[in-house]
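Every read-out reported here was derived from the displayed coordinates using simple, explicitly stated rules and does not represent laboratory data. Keep in mind the model is a prediction, meaning the values are calculated, not measured. No Cβ is skipped: glycine too gets one built from the backbone with ideal geometry, and neighbour counts run over all protein chains shown.
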Amino acid sequence: MARGDFRFCHPSFVVPLGGEWRFQGESALKTGNTFNYSLLALACATALASTSVFAQSTTGSIGGQAQPGATITATSSTGLVRKTTVDNSGRYSFTNLPLGAYSVSLQRDGVVVDKRDNVNIVVNSNTDVSFASASNAKSLSVVSVSANAIPPIDVTTVDSRTVITSRELAQLPIARTAESIAMLAPGAVGGSSYFSGPTGNALVSFGGASVTENAYYINGFNTTDPLSGMGGISLPYGSIDQQEVFTGGYSAKYGRSDGGVINQVGMRGTNQWHFGAQVLWEPSFLASNPRNVYYPNAALPAGYGYQNPALAGSLYRSRKDNTATHTVYSFYLGGPLIKDKLFLFASAEAEKRDGLSTSSSASSQPYNDRYSYSLPKHYLKLDWNINDSNILEFTNISNKESYSGSLYAYDYDTRSQGPLFGYDTSTKTGSDIYIGKYTSYITDDLTFSATYGKTKVMDYSQIPGADPTLPYLGGVVNQDPSITGGAPITNGITTPYVKSPNAGSSSHGLRLDLEYKLGDHTLSAGIDNITTSSTDEGQQVFGPAYAWLYGKASRPNTPLNPAFGVGAPGGNGYYVRRYIFTTTTSMSVGQTAQYLEDRWQVNDRWLLSIGLRNDQFSNYNNLHQAFVHNTNQWAPRLGFSWDVLGDSTFKVFGNLGRYYLALPNSVAERAAGPSTYTNEYFTYTGINPTTGAPTGLTAIGPGPISSNGEYGQTPDPKTVTAIDLRSQYQDEAILGFTKMLGSKWMYGAKVTVRKLQTDIDDVCDDDAVARKAVASGINPDSIVFPNSCLIFNPGKTNTFLLANADGNGYSKVTMTTQDWGFTEGAKRKYYALDLFLEHPFDGKWQARIDYTFSRSYGNTEGQVLSTIGQDDVAKSQDWDFWQLMENSNGVLSNDRTHVLKARGAYQISPEWMISGSLQIASGAPRVCMGYYGTDESDPVLYGSAYHYCAGNPTPLGSLGRLPWTKQLNLGVTYRPPFADKKLAFSLDVFNVLNERNPTVLDATYETAPYTVSNTYGMPLYLEAPRYVRLSATYDF
């Protein structure tokens, strides 16, 4: 669907909306497993117990080898006690254990003969606690092994994931977001800077997928943004016990993602009271300025000219003193309300960012925005050990962001600030989440769990003090200077779009899981349901429901769009558009799933994971009428783990899987709900000096025109989508190994291949439908042709319903790829080779290096379009018409061929530690979108949106790459001895080299045929400049 965004054809709109120019900063993370090899012989005791884990898990497992018939007891720091008997093969396991520290003891004849204390388990993993043969154990002193002396390779997992613990989070210079942590994982790259999550965080692309194809979880509940799938809600940073990042090979218990999964598990109380506090300060005077941005001044092909030649090479945006002061105050408290029974953990975080952001010189009213962000968060966790067989948990999370900005006039001639003239759009976003979980260990072999959660999402915005009678003015630098005298006429309105004051979303979900251990098999079954809804979401043009967009054609006598009857402006080429855009509507999505899984310990060295999942998705419009309903979506999963040497020092693993993805709520906007998107073209003879509106209008077109037929009507839900529409799904294959190198190092390699099998997008070629209907023998006068875009599977044969003109029933029209005019279907392929070398923390130092070589190529990025920042999920302008897909095949926007990540920490002394992280990545492909073909035509009224530039084909990758990005972060921590290591002072420097390379360039080549946009090729986003973070932490 054509993008409803002002900057589509006008240089004044390249500034991201919302006041602050957001920069994408990448922070590498570093992790390691803590273990001690003083008793390396214990590595021969293999963790062969079959464990049951899944992607949104909040639990882990303990298992290993011991003398058959012995009794093993695991006691948690909350007093929870689990017992089991070692089987005849010498194996035992405890599954579905709440995270925390455990004591694990071996009993023979009722006497404890061996014990491991302080066993900290890892989410979704088996922690090996194997005991030497008890026949020689006479007392507890016979075997004394640190709990950290376990083999580091978990041979019971078949997936691809990275787990970061709270210790590692506290140790490293890391940006305080879930996405920054996720960037540690191999195959994770920064998503386009155009996109951000519900609280402003930069997003991540996993394995070539788009940024909306990921899933977020907290304590087992899905916290992905219910409106668009753009990111999700995360915990307060200091409340994260562990963050798990899945990049492939998920269990059948998990679905609804074909990118990656970010799963956070929060802290919980124990039998000891603990509290702590932290203060972080990032002062503006220690931060570097962003780079100034200038209009490009490139040599243009013959016959082409800039829209405004006088702007070429001049200052577009001043960034002087555009820095911010960032402060965070946080505290936590945890302990027993009733010893061994009821436990509390509570935390709160108050984050604030105050700074200055200067708008571009092309803004409707250049300004200094003195802005303020407030991000309050809290986390509450209650755990009730009803008895040793039943546990009840309650979680409450709140994560909000509020923004406000005061706008002061800025004079680009004098580089000086003037008086206050208005306020930026104030926003309040975020979520309140409530989660309950019940776990019952019915027998030693049978476990049941139920999780229920609810989310309420706020999405509020308003413009304080703005006059609603004034229209937004776009492209004011293109106003006719014979009228303005060369000084653009503005009216103080700086925000083009507003939302309904009632906008918001909600979700509620239920998950039931049953696990049964039967010999060498661990059998699981369950349901996984979630319903999301959004109310009055979408946007509309501020003010009197329309905006005025000024433009200039470099060839005044060339029609602006002859295909739609828009003529030439004549004269000196000045014209104006009356722009209307409204998408506000309500909608909901229902997602249900069932699964079966068998984890089969075939023998001492082989583990098979065999699963099958069935997903059902339904999307509803504002009248709760279904316009998408997909069932019987069977997703098989097969994984294996081979403990090659039988001692957990060499693991080979692999996985084959299929993953389905539902459409989020926002698909209903501009697809199943009423929407208006029109442009009306005029010349003008004057401009009102107060409102900035043009006067003396003369139409140069037939009236309001819409390339997608969006004139405010509500589509018939039965005609919106193909009746045989299939959900987006992807197939994946992974093969890899992990091996010990001596006693202190690990290395490994992994190959990943992903192929998008079915995509969903919209197509807007009504004429093609009409031609096929006539060719099928349908009288065109007897049916009502669609007046909006249709949702379909690109490259597949789809059947659509067309309402009969007499109001009685529907007629069917079947469209093939060729009927639409396309030459091929949707294609996205990804392959990657990941290599790593790691020295886990040994009490002194740790280090890890990851290198990924990958390629993401095809003609479809996924649900969004990073080339132009279009966030209309599954309704991008791709596939709207065949002309837009011509020359589209190439490398994709999330392709980063080479990525190198390094991280490490060194304990200089008991008081001092230094740490650092490095990320180096090759750039994204350059993009150029111009008018169509060699004759600069615009056959579908999309303007400069085709894969041609100056008459030449420009598939992605054909124009080279953006510069490499290099981010080096360094940190130092001091723990004074007088405070018994409870007090810590830290200094972290981010982007030490002050790299400020562009991450996004403006891809729109022209504003009219042969008229090159002054902003084409100009940086829209850059790496975040260097800044310094100071912090003090006290833990008691």
Calculating Kirkwood radius over Cα pairs in Å from this structure picks out, from [x] 45.2; [y] 30.2; [z] 32.9, entry [y]
Taking 207-220, 112-125, 762-775 and ranking on average Cβ neighbours within 10 Å, highest first, one gets 207-220, 112-125, 762-775
Looking only at aspartates and glutamates whose Cα falls under 19 Å of Lys829's and that sit 8 or more positions away or on another chain, we get Glu213, Asp258, Asp731, Glu732, Asp759, Asp761, Glu861, Asp878, Glu886, Asp895
Candidate cut points under trypsin sites (Lys or Arg not before Pro) in segment 798-858, DSSP loop plus at most 13 other Cβ atoms within 10 Å of their own Cβ, are Lys844
Residue separation between Thr469 and Asn779 times 0.36 nm, minus their alpha-carbon distance, gives in nm 106.9 nm
What helix-only [θ] at 222 nm does the chain give? Using -39500 (n - 2.57) per DSSP H run of at least 4, over all residues, to the nearest 500, the answer is -500 deg cm²/dmol
Mean Cβ-within-10 Å packing, highest first, puts peptides 371-384, 975-988 in the order 371-384, 975-988
Partner lysines whose C-alpha sits under 20 Å from that of Lys827, ignoring same-chain residues fewer than 8 away, are Lys755, Lys796, Lys875
Assertion target for Ile778, Ile153, Ile489, ordered by fewest C-beta neighbours within 10 angstrom first, is Ile778, Ile489, Ile153
Subtracting the Cα-Cα distance of Tyr810 and Leu987 from 0.36 nm times their residue separation yields 56.9 nm
Per DSSP, the loop-located trypsin sites (Lys or Arg not before Pro) within segment 394-466 having at most 11 other beta carbons within 10 Å are Arg415
Going from the fewest other Cβ atoms within 10 Å to the most, one would list Leu993, Leu900, Leu941 as Leu993, Leu900, Leu941
Of 664-672, 681-689, ordering from highest average Cβ density within 10 Å down gives 664-672, 681-689
Checked against a 23 Å limit on the C-alpha separation, the offending pairs among Lys381/Lys517; Lys83/Lys517; Lys428/Lys456; Lys428/Lys966 are Lys381/Lys517; Lys428/Lys966
Rounded to the nearest Å, the spacing of the alpha-carbon centers of segment 768-791 and segment 690-726 is 19
Restricting to aspartates and glutamates and to Cα separations under 16 Å from Lys844, and discarding same-chain partners fewer than 8 apart, the set is Glu168, Glu911
Taking Cα atoms only, helix 766-775 is inclined relative to the longest principal axis of the chain by an angle, in degrees rounded to 10, of 90
